[in-house]
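Where a number appears in this text, it was derived from the coordinates with a stated rule and is not lab data. Computed from a prediction, not measured in an experiment: that's the story for all the values here. When we count neighbours, we look across all protein chains shown, and the Cβ atoms used for this are built from the backbone with ideal geometry, even at glycine.
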Amino acid sequence: QGDSEPMILPIVPQRLARLQKSVMSRMSGFRVIIDGVQDPGNHAAVMRTAEALGLLDIHVIRYVTDRPRRVTSLSKSITKGGEKWLRIHFHDSAKDCLSHLRQDGFYQVLAAKPRNPENDTARNPVELSEIDFGKKTALIIGNEKNG
């Protein structure tokens, strides 16, 4: 074989079984939505965390002002390769993202916003301990400045 050709090694059945078990145990009933996050390092941190927790899907809402598909160009040194274990879905608006999630059976979408007692506009805030994570759930991670 020449230097330019990759070497393909056989995989032992036990290793293949472990890999298949790992893939099958990924969580498809919990998804993360990145909404308006500006810093590519923060995108990468969310992706690394999602992958480490065993999530399968992550959604990215891109706005017209965003650079084109910034997440796909993240440096491998930032994401540490975590993005290759995730299915990344891009949406042009929050409405498109929510429509996609509803088609997949997600009706429980959560968002956290820093509380401001003087101007709290949260509708029906719920404690984390009250959430039924047995249902398909999506968590929105918002902009660094505005939540």
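Worth pointing out:
- Segment Glu5-Asp132, length gained on full extension (0.36 nm per residue, minus Cα span): 40.7 nm
- Residues whose amide H lies under 5 Å from that of Ala111, counting only those 5 or more places away or on a different chain, are Ile140; hydrogens are built 1.01 Å from N in the peptide plane.
- Inter-label distance for Leu139 and Tyr107, nm, one decimal - labels placed 7 Å from Cα along Cα-to-Cβ: 2.3 nm
- Using the average count of surrounding beta-carbon atoms within 10 Å as a protection proxy, the listed peptides 35-42, 128-135, 50-57, 21-28 rank, highest first, as 50-57, 35-42, 21-28, 128-135.
- In Hz, Karplus ³J(HN,Hα) per residue of the range 92-98 (6.51, -1.76, 1.60; θ = phi - 60°; x = Gly, Pro): 8, 7, 4, 4, 4, 4, 5
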